[in-house]
1. Give me the pairs: first residue in segment 102-122 and farther than 17 Å from Asp52 by Cα, second residue not charged (D, E, K, R), beta-carbon distance under 6 Å, and six or more apart or on different chains, which are they?
2. Checking Lys66 against (1) within 28 Å of Ile19 (Cβ to Cβ); (2) free of Cβ contacts under 8 Å to residues at least 40 places away in the same chain; (3) in contact with a Lys or Arg (Cβ under 8 Å, 6 or more places away or on another chain), which test does it fail?
Amino acid sequence: MTNILIVDDDIHILNLLTIHLSKDGYQVFQAKDGVEALDLLQEKSCQLAVVDVMMPYLDGFELTKKIREQYNIPVILLTAKNQIEDKEQGYAAGTDDYLVKPFEPKELSFRIKALLRRYDSRADDSVVRIGHTTIDKKSYEVQTGSRTILLPLKEFELLYFLMSNPLQVFSRDRLIEQVWGFDFSGDERTVDVHIKRIRERFSTLTDDFQIKTVRGVGYSLEAKRS
C-alpha cells in the first residue's frame, strides 16, 4: 500500500483529505505541523507528502527543503495564496507540484497519481553500479562486494552524483549546486573535505573506481578498466 503524508494545521483539511485518499486506497498519515511531520517520516516510510505552506513552527517551504535533504519522495505544496512569488519560492524549495486552495480533492488525487507514476518511472535510475560496487538512492546504501556501507547524507549524495556521471569533470561550484543547493553559504573547501572522506572510506574496500582531482577544474570519477 502507498503511504501518503498530509501536513496541515487545519484539522478539517486533514480529515477531509484522509477520507478522500483512503477511498483511493492510500494509507494516510497526518501531521499538524512541520516538526511533527519530520518526526513521523523518521518512523513511517511514505511515498509522497502533501504539505500546507502556512503552518506554525516550520512552514511548508522550510519543511519541503528538509524533506528534499533527507528523502527521495515527491512533495505537493498547498497554499491559499495565488501569487507567482509563492510559486517561485515553492519550486525553489524543491516542491514537485503546487495546488491552490480551495481545490477539489479529485484534482489532488490526479496530481498524486501523476507524481507517483513519474517517480516510479525513475526507479531504475535509483541504483548505479560500477564493477562490484552499487549505490542505491532508495535505501541510501552503498554495497561493495559483501560489505554494506552507510554514509553521511552529503557524502552519499556526492558519491551518487559522481557515480551516476562517470568520466565527467565537475567544478567545485557545480558539485555544491548539485549536492548542497544554490543557497549554500559555505565555501569550496567543503567539497574537498567530503571528497577526502569518501576516498579514505573506500581506498581499502574497493578499486572499482577512483575520484581524480583535475587540477584547476574539480573532480571526476573513473571506473577501473576491465
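Just so you know, all these numbers are worked out from the coordinates, no wet-lab data involved. Only a predicted model underlies this, so the values are computations on that prediction, with no experimental measurement involved. Counting neighbours? That spans all protein chains shown, and the Cβs are built from the backbone with ideal geometry, glycine included.
1. Partner pairs satisfying both residue conditions: Leu115/Pro74; Tyr119/Pro74.
2. The one condition Lys66 does not meet is (3).
The rows are residues; the columns are (1) within 19 Å of Tyr71 (Cα to Cα); (2) of a type in the set (A, V, I, L, M); (3) out of contact with any Phe, Trp or Tyr (no Cβ under 6 Å at 6 or more places or on another chain).
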position: Lys154; (1), (2), (3): yes, no, yes
position: Leu159; (1), (2), (3): yes, yes, yes
position: Pro166; (1), (2), (3): no, no, yes
position: Val169; (1), (2), (3): no, yes, yes
position: Arg172; (1), (2), (3): no, no, yes
position: Ser185; (1), (2), (3): no, no, yes
position: Arg189; (1), (2), (3): no, no, yes
position: Val193; (1), (2), (3): no, yes, yes
